[in-house]
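Have a look at the structure below, then the notes.
The values are calculated or read from the model by the stated rules, or taken from the named source; none is laboratory data. Keep in mind that what you see is a predicted model, and the values were worked out from it rather than measured. Glycine gets a Cβ as well: all are built from the backbone with ideal geometry, and neighbour counts include every protein chain shown. Ligands, DNA and RNA are excluded from the accessible area calculation, which covers all protein heavy atoms including side chains. Shrake-Rupley method; radii C 1.70, N 1.55, O 1.52, S 1.80 Å.
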Amino acid sequence: MATQIIGSTVKRREDPRLITGAGRYTDNMTLPRMAYLTILRSPHAHARIKKIDATKAKKHPGVLAVFTGEDLKAGGVNPIPVGWVLPDIKIGPHLPLAVGTVRYVGDGVAAVVATDRYIARDALDWIDVEYEPLPVVVDGEKATQAGAPQLHSEAPNNVAYYWKIGGGDADKALAEADGVIKQRILNQRLIPNAMETRAAIADYQTASGDLTLYNTNQNPHIIRLLLALTIGQPEHKLRVVAPDVGGGFGSKIYLYADEVVACFASKQLGRPVKWVEERMENYIATIHGRDHVSDVEVGYKRDGTITALKVKTWANQGAYLSVFAPLIPTFLYGPMLQGVYNLPNVFVEVWGTYSNTTPVDAYRGAGRPEATYLVERCVDLVANALKMDPADVRRKNLIPPFRDSAFQTCMAYAYDSGDYSAHFEKALKMADYAKLRKEQEASRKQGKYIGIGLCSYVEITGAAPAQVAASLGAAAALVESALVRVHPTGKVQVMTGSHAHGQGHETTFAQIVADQLGIAIEDVQVMHGDTDQIPFGAGTYGSRSQAVGGAAVYVATQRVIEKAKKMAAHMLEAGEADVVFEGGQYFVKGVPSKGVKFAEVALEAHWPRKVPADVELGLEATAVFNPSNFTFPSGTHVAVVEVDADTGKVDLKRYIAVDDVGKVINPMIVDGQVHGGIAQGVGQALWEGAVYDENGQLLTGSMMDYALPVASYLPSFETARTETPSPVNPLGAKGAGEMGTVASTAAVANAVIDALKPFGVKHIDMPLTPEKVWRAMRERK
């Protein structure tokens, strides 16, 4: 495989339009006769709808229509499907607008369509709704207890599903351990904050019966499938377009109620309908992430060997099951509790529960940050109990290198490749770990509280293979597709089922094609986001773009090369077996001076002069890539913090990240993904957290109350890589988009607890705000 462009830093080709205001986002679009949609949302977390009176709103000047849940139901609109179905799952129907009962603050009650977005917004105040408030439960564990309010008749005790997995014999290992630590660990609820809120434009053509949905999504074909099932629109007469999307982080994977209502309204009115989410609306209407309560038992020997891990987790799923919600706390979480350690005995059981809160689904990392945080906190708890250095405990338990064959974990997964000691030792060397410990000891004598936190992680990425995913509950094939089309002049178009919303696909996919064909990267155009233009693909999430989408592009490009080889052989008047392709030209073995360039073959494919009639003309190829396994990137991160003893404020002084993502297509883009992921993970560790009161009101419903990290809070990150190529795709690539988030939360939390060791603090639940840290120091001082 040629490597002149693959592995090189190439500036992102999409950036000039995005940073100069030339991007095309959904809300930038205006269609003829376009109307505007707003949603009236429930102010109650749980209530019966006794009456909806929209008389005054319908008479409001400029109002075109008012719809309720009953209208949608009568119009044949179905509940929003759940796309990951576990055995014996209990699904409470999620209607796009509530009928009879609202179940969280933000549940849609009615919709207004008007000629102007301000009229539509004002008309919401003219709808009178009479509610009968019902008891509320917001805690995922308490929702399962006797006497808790019931959200859905389909789910007794508010349990949507019970799931378990294990390997070895955790109970026996715990009984035989030299020591056992029990700890309750919380992974708090988070709220995604993409730069662009969600938006949708539905455009129904009455004459043809075609419906187009322009919206902010990460996977157009999956949205098309779900939408067809929900509104009954034939899939071949339904087009979904995701133009430029201003960030997603998982929150734009799903089909949302608002988009369904917009499509229904457009079909009813016969004109385009736009809906754009307000920022405060985003806090209650867009999915949330995380929200685990876990009881943990970890067993260990006196020499630091960790022998067993037993976990009970209550995963708060919110008022309804979002599209992929059941996947996150099960197969993306449970089997990853072995981590990077040679841990033979693990057992986890999970209760997915309903509560009167915003639905929860995948948010950057999705299950792996929760698993990594739990495992890495346990490692530090063991180190503390044994009075060992946390680095020594990790070193003792790391899985040995496995480059040539997979490592079978004690549970479901086989890690594809890895050398965990390599990135562990490299990270410690970059941090000058021994020196840091000496500086820490000296600082404590001066009344300064320095903390050093470690996190060694492995995560599962590259969502596929299709047959395995289907057996685990996936309702769609998690493959990826590509079409590589060569024009007569040798210019190339790449159509991919992956979708970019900040990842840089237009650059990295072009690098793959340009590298293989030996052409300039400027001669490659990457297209995505339009179901009428691209082949069916599962989209972008789970750090799957390069390992699955990029691999599909690579395979399709190789097929183009092979097809062109047949034509080149005729042009060279040689046998096909004697022709080789190198450096962008075909030539007979040993005679590179008498070759034909790729562009010349492309022209011959469309204007044949030497190619006989029995050779198929044209030059394009498709590929559907279905890998044999997931990919498992890994790494070690080190955080250094200083805690102010008077205020509890945490200052992140240094952050070192050494990651193994397999083969790298573009180092600069990987670095950018790592940086962004670290910032989000640090945000969870120190500042972010969604808080509900006992009435189900979101107390952190704006940026005034929900603390997000800003650049000035963070140091310059020190990054490096090790490399164990993945054997499951031809690029050798593993995922890179989420690892910063997976690792940084645990690294920073461990650093803060390490800083508080002189106070006898063993654990504090996140976020580690100044008040929490200050109280912990005062309570134990």
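May I ask you to say which residue of Ala228, Ala207, Ala200 is assigned to a strand (DSSP E or B) and at negative phi?
Details: Ala228 fails: assigned to a strand (DSSP E or B); Ala207 fails: assigned to a strand (DSSP E or B).
Result: Ala200 is the single residue among Ala228, Ala207, Ala200 that is assigned to a strand (DSSP E or B) and at negative phi.
I need the full set of residues from segment 477-486 which are surrounded by fewer than 20 Cβ atoms within 10 Å (Cβ to Cβ) and closer than 15 Å to Leu225 by Cα, in order please.
Residue satisfying the conditions is Ala477 alone.
Condition first: in a helix (DSSP H, G or I) and either farther than 20 Å from Ser421 by Cα or open to solvent by 10 Å² or more (accessible area, probe 1.4 Å) (or both). Now tell me which residues in segment 376-403 satisfy that.
Within segment 376-403, Asp380, Leu381, Asn384, Ala385, Leu386, Pro390, Asp392, Arg395, Lys396 meet the criteria.
Can you find even one residue in segment 270-283 that is assigned to a strand (DSSP E or B) and in contact with a Gly (Cβ under 6 Å, 6 or more places away or on another chain)?
There is no residue in segment 270-283 that is assigned to a strand (DSSP E or B) and in contact with a Gly (Cβ under 6 Å, 6 or more places away or on another chain).
Mind counting the residues in segment 157-188 that are under 20 Å from Trp351 (Cβ atoms), open to solvent by 80 Å² or more (accessible area, probe 1.4 Å) and more than 30 Å from the chain's Cα centre (by Cα)?
Result for segment 157-188: 2.
For segment 18-47, name all the residues that are part of a loop (DSSP other than H, G, I, E, B), open to solvent by less than 40 Å² (accessible area, probe 1.4 Å) and among the small types (Gly, Ala, Ser).
Gly23, Ser42, Ala45
What number of residues within segment 523-541 satisfy the criterion of being open to solvent by 20 Å² or more (accessible area, probe 1.4 Å) and in a loop (DSSP other than H, G, I, E, B)?
So the count comes out to 6.
Is one or more of the residues making up segment 241-252 farther than 14 Å from Ile534 by Cβ, of a type outside the set (Ser, Thr, Tyr), part of a loop (DSSP other than H, G, I, E, B) and more than 17 Å from the chain's Cα centre (by Cα)? Break it down into steps so the answer makes sense when it comes.
As a first pass, look at segment 241-252 and keep what is farther than 14 Å from Ile534 by Cβ: 244-252.
With the extra rule that they be of a type outside the set (Ser, Thr, Tyr), the set shrinks to 244-250, 252.
This time we only want the ones that are part of a loop (DSSP other than H, G, I, E, B), so: 245-250, 252.
Retained after the next criterion (residues that are more than 17 Å from the chain's Cα centre (by Cα)): none.
No, the conditions are met nowhere in segment 241-252.
Got a sec? Which of Ala776, Ala743 is in contact with a strand residue (DSSP E or B) (Cβ under 7 Å, 6 or more places away or on another chain), open to solvent by less than 20 Å² (accessible area, probe 1.4 Å) and over 30 Å from Pro133 (Cα atoms)?
Ala743
For segment 174-197, what are the residues that are of a type in the set (A, V, I, L, M, F, W, C), in a strand (DSSP E or B) and farther than 30 Å from Val260 by Cα?
Passing the criteria: Val180, Ile181, Ile185, Leu186.
Of the residues that make up segment 280-287, is at least one under 26 Å from Ser543 (Cα atoms), in contact with a Lys or Arg (Cβ under 6 Å, 6 or more places away or on another chain) and of a type outside the set (Val, Ile, Thr)?
Taking every residue of segment 280-287 in turn, none turns out to be under 26 Å from Ser543 (Cα atoms), in contact with a Lys or Arg (Cβ under 6 Å, 6 or more places away or on another chain) and of a type outside the set (Val, Ile, Thr).
Only residues in segment 760-771 that are farther than 19 Å from Ser294 by Cα and open to solvent by 40 Å² or more (accessible area, probe 1.4 Å) count as the first member; pair them with residues that are charged (D, E, K, R) and modelled with pLDDT of 95 or more, Cβ under 8 angstrom, at least 6 apart or cross-chain, and list the lot.
Pro770/Asp644; Pro770/Lys649
Restricting segment 610-647 to residues that are more than 27 Å from Ala538 (Cβ to Cβ) and under 22 Å from the mean Cα position of the chain (by Cα), which is surrounded by the fewest Cβ atoms within 10 Å (Cβ to Cβ)?
Filtering first and then ranking leaves Thr636.
Could you tell me whether any residue of segment 419-430 is open to solvent by 60 Å² or more (accessible area, probe 1.4 Å), in a loop (DSSP other than H, G, I, E, B) and at pLDDT 95 or above?
Within segment 419-430, not a single residue is open to solvent by 60 Å² or more (accessible area, probe 1.4 Å), in a loop (DSSP other than H, G, I, E, B) and at pLDDT 95 or above.
What is the one condition in (1) surrounded by fewer than 21 Cβ atoms within 10 Å (Cβ to Cβ); (2) over 30 Å from Thr722 (Cα atoms); (3) of a type outside the set (Ser, Thr, Tyr) that Asp15 does not satisfy?
Going through (1) surrounded by fewer than 21 Cβ atoms within 10 Å (Cβ to Cβ); (2) over 30 Å from Thr722 (Cα atoms); (3) of a type outside the set (Ser, Thr, Tyr) one by one, Asp15 breaks only (2).
Can you name the residue in segment 555-583 that is among the β-branched types (Val, Ile, Thr) and closer than 30 Å to Gly497 by Cβ and is also most open to solvent (accessible area, probe 1.4 Å) among such residues?
Top of the filtered list is Val555.
Is there any pair linking a residue in segment 109-120 that is over 15 Å from Ser266 (Cβ atoms) to one that is part of a loop (DSSP other than H, G, I, E, B) and among the polar types (S, T, N, Q), with Cβ under 6 Å and at least six apart or on different chains, and which?
Val109/Ser42
Would you say Thr461 is open to solvent by less than 30 Å² (accessible area, probe 1.4 Å), closer than 26 Å to Ala602 by Cα and among the β-branched types (Val, Ile, Thr)?
Answer is no for this residue.
Evaluate the following for Lys438: is it farther than 20 Å from Ala755 by Cα, at pLDDT 95 or above and either of a type in the set (Gly, Ala, Ser) or not in a loop (DSSP other than H, G, I, E, B) (or both)?
For Lys438, the condition - farther than 20 Å from Ala755 by Cα, at pLDDT 95 or above and either of a type in the set (Gly, Ala, Ser) or not in a loop (DSSP other than H, G, I, E, B) (or both) - is not met.
How many residues does segment 103-136 hold that are open to solvent by 10 Å² or more (accessible area, probe 1.4 Å) and of a type in the set (Val, Ile, Thr)?
Matching residues across segment 103-136 total 6.
So in segment 659-689, with the set limited to residues that are over 30 Å from Glu771 (Cα atoms) and of a type in the set (S, T, N, Q), which one is most open to solvent (accessible area, probe 1.4 Å)?
Narrowing segment 659-689 to residues over 30 Å from Glu771 (Cα atoms): 659-673.
From what's left, of a type in the set (S, T, N, Q): 666, 673.
Values: Asn666: 3, Gln673: 37 Å².
Among residues in segment 659-689 that are over 30 Å from Glu771 (Cα atoms) and of a type in the set (S, T, N, Q), the one most open to solvent (accessible area, probe 1.4 Å) is Gln673.
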